[in-house]
Amino acid sequence: MIWDKKRNAVVLSLLLLSGCALGPERTDTPDDAAAATEESEALLQEAFSEAVVLLENGDTDEARGRFEQIAAQHPQRTGPLINLGVIAFQAGETELAQARFKEVLVLNPTHPVALNHLGVIARNAGDFPTAEQRYREALAANPEYLPALLNLAFLLDIYLGEPEQALPLYEQYKALAAEPDPRLDDWIFDAKNRI
């Protein structure tokens, strides 16, 4: 009988202890979740920065691998896709570049960088109406996005022979650019002469 009481007490204690082990080990508070998100964001930014440095240092293959990894882990981010598009474009992989920039537009239909690059791809293919549309969409999204502003001015001036439309864009670019291209004054002069 004593053994049964001891055995019951031991079994009861084990059940109580096992019940505690089955409960939640830790509950996330909003502060814990925010801290985890900040830490995750910091790690993402670090990985992205490292990939950018690799790209700037000419290690394109390693940079491409890093950006692909980041894109796979964070499919909602546009930065890695933009860089993958730029890498593909610079490597002459136009279709892949175009696909990457279009992926960006699925996530953000008014992304000026993707729109501008799609404009460049269209211009290089001789599709000037699409190029103009893309540049204008980029500028509608960000009226001070300098690459699209200058690309639209070039398209209108050089490719479409409309210097009167290009001239105000050149001047707007000159007013906004911290360090405008030193050739800009020549382009403005030429456009004025052709008008």
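The values are calculated or read from the model by the stated rules, or taken from the named source; none is laboratory data. Note that the structure is a prediction, hence the values are computed from the model and not measured. Backbone-built Cβ (ideal geometry, glycine too); neighbour counts: all protein chains shown.
The figures follow:
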read-out: Test result for Gly58, of a type outside the set (Lys, Arg), outside any helix (DSSP H, G or I), more than 13 Å from the chain's Cα centre (by Cα) and over 17 Å from Ile121 (Cβ atoms); value: yes
read-out: The listed residue being loosely packed, with under 12 Cβ neighbours inside 10 Å and of a type in the set (A, V, I, L, M), out of Ala99, Ala42; value: Ala42
read-out: Every pair of residues 6+ apart whose Cβ atoms lie under 8 Å, when the first sits in the stretch 127-154 and is assigned by TED's automatic domain parsing to the domain that holds Ala175 and closer than 11 Å to Asn116 by Cα while the second is surrounded by fewer than 18 Cβ atoms within 10 Å (Cβ to Cβ) and basic (Lys, Arg); value: Leu152/Arg136
read-out: Positions within the stretch 69-101 being within 23 Å of Ala42 (Cβ to Cβ) and more than 12 Å from the chain's Cα centre (by Cα), in sequence order; value: Gln69, Ala72, Gln73
read-out: Single match in Ala141, Ala148, Ala122 (criterion: in contact with a Gly (Cβ under 8 Å, 6 or more places away or on another chain) and either hydrophobic (A, V, I, L, M, F, W, C) or surrounded by fewer than 20 Cβ atoms within 10 Å (Cβ to Cβ) (or both)); value: Ala148
read-out: Members of the stretch 61-90 that are closer than 13 Å to Ile121 by Cα and of a type in the set (Gly, Ala, Ser); value: Gly85, Ala88
